[in-house]
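The values are calculated or read from the model by the stated rules, or taken from the named source; none is laboratory data. Nothing here was measured: the structure is a model prediction, and the numbers come from that model. Here Cβ is always computed from backbone atoms with ideal geometry, including for glycine, and neighbour counts include all displayed protein chains. The area values use the complete protein model at the heavy-atom level, side chains included, leaving out ligands, DNA and RNA. Shrake-Rupley method; radii C 1.70, N 1.55, O 1.52, S 1.80 Å.
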Amino acid sequence: MGWDEAKFKHLGLWVPVLAVLLLGTCRAHPIPDSSPLLQFGGQVRQRYLYTDDAQETEAHLEIRADGTVVGAARQSPESLLELKALKPGVIQILGVKTSRFLCQGPDGKLYGSLHFDPKACSFRELLLEDGYNVYQSETLGLPLRLPPQRSSNRDPAPRGPARFLPLPGLPAEPPDPPGILAPEPPDVGSSDPLSMVGPSYGRSPSYTS
């Protein structure tokens with residue numbers, strides 16, 4: 001009996017030691033969370049891309065239904081864009097109204113395409129400290145710039161990256177609640193003016209107005 005008591009007493013001393021070691025191990029090596037939802041949370045944004053760099057007027061990037069990309073002085077349905085992350089630092093830009101992707105040709109010209117081409121329609125997004133962003137083609141490395149609004153004999157604008165300010169789109173207004181229709185006045189010429197029996201299919205022609 002003495003040996004058994006000593007053995008249980010010895011094991012009892014190790015229990016708190018093991019507990020401390022296990023607790024320290026759990027704190028030193030947290031279990032990583034591999035949920036893909038945490039990596040791509042908030043990956044889709046609706047924005048207006050506004051710029052005032054080397055432009056003759058302030059402009060918002062606008063993707064029109066015919067595929068042309070222009071700068072509009074004011075926000076419009078065609079200038080509301082959807083920015084979606086493809087991978088860290090790389091996005092695609094989609095016109096919400098026209099369902100056209102913003103793409104860039106080898107000459108740097110912007111156009112809207114109904115089909116997404118990763119080589120032409122993927123842009124790197126660089127965030128600046130002043131809140132503006134700079135975009136460039138991931139494949140070509142060309143900066144994203146709006147075309148000049150009208151031709152000029154002056155020297156062309158510098159081809160460096162233009163700064164764009166992503167402006168949040170206004171939330172959609174809730175639809176108006178359906179109106180309550182006023183009850184129709186009772187038909188005094190009917191045998192059932194309060195519609196308590198049901199529709200009358202044998203109405204006399206004498207009551208027809």
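Of everything in the range 119-144 that's under 19 Å from GLY71 (Cβ atoms) and more than 22 Å from the chain's Cα centre (by Cα), which residue is most open to solvent (accessible area, probe 1.4 Å)? Here the answer is LEU142. Against the list (1) modelled with pLDDT under 95; (2) open to solvent by 70 Å² or more (accessible area, probe 1.4 Å); (3) over 17 Å from ALA59 (Cβ atoms), the condition GLY89 fails is (2).
For GLN92, the test of being under 17 Å from PRO161 (Cβ atoms) and in a strand (DSSP E or B) is failed.
If we scan the range 100-118, do we find a residue that is aliphatic (A, V, I, L, M), touching a Lys or Arg at 6+ places or on another chain (Cβ under 8 Å), surrounded by fewer than 17 Cβ atoms within 10 Å (Cβ to Cβ) and not in a loop (DSSP other than H, G, I, E, B)? Checked against the condition, which is being aliphatic (A, V, I, L, M), touching a Lys or Arg at 6+ places or on another chain (Cβ under 8 Å), surrounded by fewer than 17 Cβ atoms within 10 Å (Cβ to Cβ) and not in a loop (DSSP other than H, G, I, E, B), the range 100-118 yields no hits at all.
Is it true that CYS121 is out of contact with any helix residue (DSSP H, G or I) (no Cβ under 9 Å at 6 or more places or on another chain) and modelled with pLDDT of 95 or more? Steps first, please.
Numbers: out of contact with any helix residue (DSSP H, G or I) (no Cβ under 9 Å at 6 or more places or on another chain): yes; modelled with pLDDT of 95 or more: yes.
For CYS121, the condition - out of contact with any helix residue (DSSP H, G or I) (no Cβ under 9 Å at 6 or more places or on another chain) and modelled with pLDDT of 95 or more - is met.
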